[in-house]
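Working notes, beginning with the structure itself.
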Amino acid sequence: MYFYRMRSTDIRDNLATEQYLMNNVEFDEPLVLFYIQKPCIIVGRHQNTLEEINLDYVKEHNITVTRRISGGGAVYDDLGNISFSFVVNSDNDNFGDFKKLTKPIIDALKDMGATTATVSGRNDLMVDGKKFSGNAMYTKNGKMFSHGTLAYDVDLTVLSKALNVPKDKIASKGIKSVKSRVTNVKPYLKPEYQSLTTEQFRDRLVLELFHARSMDEISDKEYQLTEQDKQAIQKLNDDYYYNWDWIYGKSPDFTVKNRKHFQMGTIDVRYQVSSGKIKDLEIYGDYFGKKDSNEIKQNLLGMDYDPATIRSVLDQYDLDQYFSGINHDDLIKLFTD
């Protein structure tokens, strides 16, 4: 088995590296990857991004959002989380067998003291009935990876805020995340492993997987990226993980409803979004205006359903002419919330 410890703490760089190594580098043994990243949300391939995230909270706290190429539900990571990925040859027996592919992680954690760690349900790792890891798989051209999170010392209070979306706001046919009771695995480990940094914990896991006493002992098993690798990974980042169309535009068709009562009337804005673009828009309410709000609607049709894009259109108007007596910034917030 080979291993690679990601150098970047940006989830987008790390997902691109994972995708590249699976598709473009041949290994004569399985490869295990470990990556640690700044606060981020990773939505599954078939999910509606906006349906999974609390957009206001995410923007306020500078949480990176991206989409992965594997299925499953949305997950939140921060620097207290370790993600892992096993890259192997694909066969009919492997795909979907999370128990088999995560067994090395479970065994390592048990050796470190988390004796009740187990695989539960379809793709979760649990300890004492609480989830500390969610997993997903992807296969292409005879190769596959099985990757997952591993909450060591994650700020769980942020998780519940960043992934909390009002149920009546967005409706789509995207695959919804299943909420579970979550925990960190750290309190379940032996005392000597509870004071480690995330990086130290990662390295301890590597040693457990390789049954080694030091990193020097397995240095020949650690992969090093070449300059050619790095250039190809940057191309994947441009095409996928930093790309608005991939992150938001790949969401299934969905509708959004924003409604607010102001002193001068109620406004109800309803978007229909397809491939990330505003396909239809209706503005209802008992508001007054000297000009017809249909003019604004026509200029928003076909635009990206993106707060910055919508704002750039609305800022071109004296909105008081269309919605009399209602504050400009409050209207912007209504249309972009």
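What the table shows:
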quantity	calculated
Boolean, residue 111 is touching a Ser or Thr at 6+ places or on another chain (Cβ under 7 Å), of a type in the set (Asp, Glu), modelled with pLDDT of 90 or more and under 25 Å from residue 190 (Cα atoms)	no
Residues being outside any loop (DSSP other than H, G, I, E, B) and modelled with pLDDT of 90 or more - total across region 31-52	9
Output for region 298-317, where each listed residue is touching an Asp or Glu at 6+ places or on another chain (Cβ under 9 Å) and crowded, with 16+ Cβ neighbours inside 10 Å	304, 307, 310, 317
Test: residue in region 270-290 that is among the aromatic types (Phe, Trp, Tyr) and either loosely packed, with under 15 Cβ neighbours inside 10 Å or farther than 25 Å from residue 56 by Cβ (or both)	yes
Segments classed as strands (runs of 3 or more DSSP E), wholly inside region 96-141, with at least 1 members that are over 17 Å from residue 182 (Cα atoms)	130-140
Failed item, numbered, when residue 247 is tested on (1) open to solvent by 30 Å² or more (accessible area, probe 1.4 Å); (2) over 23 Å from residue 298 (Cα atoms); (3) under 24 Å from the mean Cα position of the chain (by Cα)	(1)
Those residues of region 229-250 which are in contact (Cβ under 8 Å) with a residue 40 or more places away in the chain, part of a helix (DSSP H, G or I) and either aromatic (Phe, Trp, Tyr) or more than 18 Å from residue 6 (Cα to Cα) (or both), in sequence order	240, 241, 244, 246, 247, 248, 249
Qualifying residue in region 202-211 (condition: part of a loop (DSSP other than H, G, I, E, B), farther than 24 Å from residue 106 by Cα and open to solvent by 90 Å² or more (accessible area, probe 1.4 Å))	no
Test for residue 154: is it more than 29 Å from residue 23 (Cβ to Cβ) and either modelled with pLDDT under 95 or open to solvent by less than 80 Å² (accessible area, probe 1.4 Å) (or both)	yes
Any hit, region 47-61, residues being touching a residue at least 12 places away in the same chain (Cβ under 8 Å) and within 22 Å of residue 233 (Cβ to Cβ)	no
Residue check, residue 31 open to solvent by 10 Å² or more (accessible area, probe 1.4 Å) and hydrophobic (A, V, I, L, M, F, W, C)	no
Candidates 63, 82 - the one that is modelled with pLDDT of 90 or more, touching a Lys or Arg at 6+ places or on another chain (Cβ under 6 Å) and open to solvent by less than 40 Å² (accessible area, probe 1.4 Å)	82
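This table checks each residue for (1) over 18 Å from residue 135 (Cβ atoms); (2) in contact with a helix residue (DSSP H, G or I) (Cβ under 7 Å, 6 or more places away or on another chain); (3) buried (at least 21 other Cβ atoms within 10 Å of the Cβ).
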residue: 18; (1), (2), (3): no, no, yes
residue: 27; (1), (2), (3): yes, no, no
residue: 44; (1), (2), (3): no, no, yes
residue: 52; (1), (2), (3): no, no, yes
residue: 57; (1), (2), (3): yes, yes, no
residue: 74; (1), (2), (3): no, yes, yes
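The values are calculated or read from the model by the stated rules, or taken from the named source; none is laboratory data. Quick caveat: nothing in here was measured; it's all calculated off a predicted structure. Quick reminder, even Gly has a Cβ in these numbers, built from the backbone with ideal geometry, and neighbours come from all protein chains shown. Areas reflect the complete protein model, heavy atoms only, side chains present, ligands, DNA and RNA absent. Shrake-Rupley method; radii C 1.70, N 1.55, O 1.52, S 1.80 Å.
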